[in-house]
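Here's the structure, in structure tokens; my notes come after.
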Amino acid sequence: MDPTQFQYVIRHGKKLDFHEFSNEMASRTFNYPRLSEAKFPQLSDHMHKIYKIMQGKPLDKLTDSMMINLQHVFKWKFSQATDWKTEKMYQFCCSIMFEASFMTLYGRDPVADGRKVISEMREKFTKFDAKFPYLVINIPIALLGDTKNIREELIHFFMPTKMDKWHDQAEVIRARKDILEQYDMLRDHDKAAHHFAFLWASVGNTIPATFWALYYLVRHPEALAAVRDEIDHLLQSTGQKKRPEYGIHITREQLDSLVLLGSAINESLRLCSASMNIRVVQEDFLLELEDDQSVSLRKGDFVALYPPALHKDPEVFEDPEEYKYDRFVEEGKEKTTFYKKGKKLKNFLMPFGSGSTICPGRFFAVNEIKQFLALILIHMDMELIDFKPIGQDNSRSGLGILLPNADVAFRFKLREFSD
Ligand code: HEM
């Protein structure tokens, strides 16, 4: 619970291992065999090596593709919004982000009606996701209504014979497919279940994170105006027009330069993320902490860091319950200095986990949310219809981004432009 000590846990990536816990939990939840080294030598290692395709320069392609797919999905929404249109905000974010992320990662079947297939999958995904916290805590799936059938149907979307037909798959998905193909011990069903697990990782947290980022901006018009101004300046400086028919192009580097937008996203992540970092002790040892303190750990013990307590700590974040969109900006740059007990914190915002197992999709996730928000702020005027503040559904506390406890109605309309 003391963030000044987190670094002493995080640096012991080998003795305090995440995968022993996550492998067991994921194989049970997504229904594939455990990735034991004896049965599937180096499979886990190979999978981790390809995650670098989602970072740095290789991320450019994924980011560009997401921008094209988002505009493709938004086009349909924009065409309906010449006058005010009302929708539920979570539902809105979910349909757009699911479809655009899915096409960016997995591509599409050129023959089938892609939109229909993806929307069927989204409906099933939402039902599965609602039961996800129960599966993680080991409630037998047989007690969870239709969840077992729904999971099977979702897995079947990813059977190799189906996936082979999809065009424009992202490099990271193709690389995962190639690795899984090398293991004869894996049945087609197991390979499909691995792809389904990756789908969950890629949208399960991103969708609620997108919702909160949009919700807080629409709820705080001064924040929305400041962030929109930053984006408008970028468009002006790159000579781009704002009408939806022209299309917008924002590079990965330009997204990085949008510090106010980045800060607004970080602030919503601070308020809505509840990922617990769990580690299993691999051998008896003395964990040395600061100021000559230490803890004696036994093989098999669990160690958990609980970042939500840090995220709401008034000593680190003044008025922690308040949304301050520019909390993570200082002198026009990203603010990275936060203190506890007079000490500068190495880890002050941890929605993506920590250390060697930190989420490999974190840069892509933040870019996707930035792209979604940039497009909607450029093209739409938005207002809340329900003003009653909504709360958080705590059922997935410890597991990632919390969902809202109710959906919220908002209305949107295409902005009017003179250019
Ligand atoms: C793992 C959070 C988006 C792929 C994780 C972990 C967290 C996390 C907390 C566990 C790390 C640990 O405990 O050390 C999030 C959040 C996201 C997000 C909050 C969005 C806001 C994504 C996206 C992708 C992705 C977009 C892929 C496109 C993964 C994968 C793992 C993972 C593959 C497992 C890594 C491993 O096996 O070591 N994520 N994630 N995530 N995430 Fe994300």
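The values are calculated or read from the model by the stated rules, or taken from the named source; none is laboratory data. Bear in mind the structure is a predicted one, so any value in this text is a computation, not a measurement. Positions of Cβ are backbone-derived with ideal geometry, glycine not excepted, and every protein chain shown enters the neighbour counts.
Residue by residue, here is whether (1) under 19 Å from the mean Cα position of the chain (by Cα); (2) of a type in the set (A, V, I, L, M) holds:
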| residue | (1), (2) |
| --- | --- |
| HIS249 | no, no |
| SER257 | no, no |
| LEU261 | yes, yes |
| LEU269 | yes, yes |
| MET276 | yes, yes |
| GLN282 | no, no |
| VAL295 | no, yes |
| ARG298 | no, no |
| ALA309 | no, yes |
Cβ pairs under 6 Å, 6+ apart, first in the stretch 192-208 and at negative phi, second aromatic (Phe, Trp, Tyr) and modelled with pLDDT under 95
ALA193/TYR32; HIS194/TYR32
Subset of the stretch 66-104 (residues that are surrounded by fewer than 18 Cβ atoms within 10 Å (Cβ to Cβ), of a type outside the set (S, T, N, Q) and closer than 16 Å to ILE207 by Cβ)
LYS88
Which numbered condition ARG151 misses (of (1) surrounded by 22 or more Cβ atoms within 10 Å (Cβ to Cβ); (2) within 16 Å of the ligand (Cβ to nearest atom); (3) touching a residue at least 60 places away in the same chain (Cβ under 8 Å)):
(2)
Residue check: is PHE21 crowded, with 17+ Cβ neighbours inside 10 Å, in contact with a strand residue (DSSP E or B) (Cβ under 8 Å, 6 or more places away or on another chain) and assigned to a helix (DSSP H, G or I)?
no
If we keep only residues of the stretch 24-57 that are surrounded by 14 or more Cβ atoms within 10 Å (Cβ to Cβ) and among the charged types (D, E, K, R), then the residue farthest from the ligand (Cβ to nearest atom) is ARG28
Selection from the stretch 154-164 of residues charged (D, E, K, R) and either touching a Cys at 6+ places or on another chain (Cβ under 6 Å) or surrounded by 14 or more Cβ atoms within 10 Å (Cβ to Cβ) (or both) yields LYS162
Could you count how many residues in the stretch 70-94 are aliphatic (A, V, I, L, M) and not in a helix (DSSP H, G or I)?
1
Residue hits (the stretch 395-406; surrounded by fewer than 20 Cβ atoms within 10 Å (Cβ to Cβ), over 15 Å from MET89 (Cα atoms) and within 16 Å of the ligand (Cβ to nearest atom)) are SER397, GLY398, LEU399
In this structure, is GLU334 away from the ligand (no atom under 16 Å from the Cβ), surrounded by fewer than 17 Cβ atoms within 10 Å (Cβ to Cβ) and modelled with pLDDT of 95 or more?
yes
Can you name every residue in the stretch 343-384 that is away from the ligand (no atom under 12 Å from the Cβ) and either in contact with a Cys (Cβ under 9 Å, 6 or more places away or on another chain) or under 15 Å from GLN7 (Cα atoms) (or both)?
LYS343, LYS344, LEU345, LYS346, PHE348
Please find, within the stretch 301-319, the residue that is surrounded by the fewest Cβ atoms within 10 Å (Cβ to Cβ) out of those that are touching a residue at least 24 places away in the same chain (Cβ under 8 Å) and more than 17 Å from ASN277 (Cα to Cα).
GLU315
Which condition number does MET67 fail, the rest of (1) assigned to a helix (DSSP H, G or I); (2) free of Cβ contacts under 8 Å to residues at least 40 places away in the same chain being met?
(2)
In the stretch 7-23, how many residues are away from the ligand (no atom under 12 Å from the Cβ) and either within 20 Å of the chain's Cα centre (by Cα) or within 22 Å of PRO360 (Cβ to Cβ) (or both)?
5
Within the stretch 259-279, residues being among the charged types (D, E, K, R) and within 10 Å of the ligand (Cβ to nearest atom) number 1
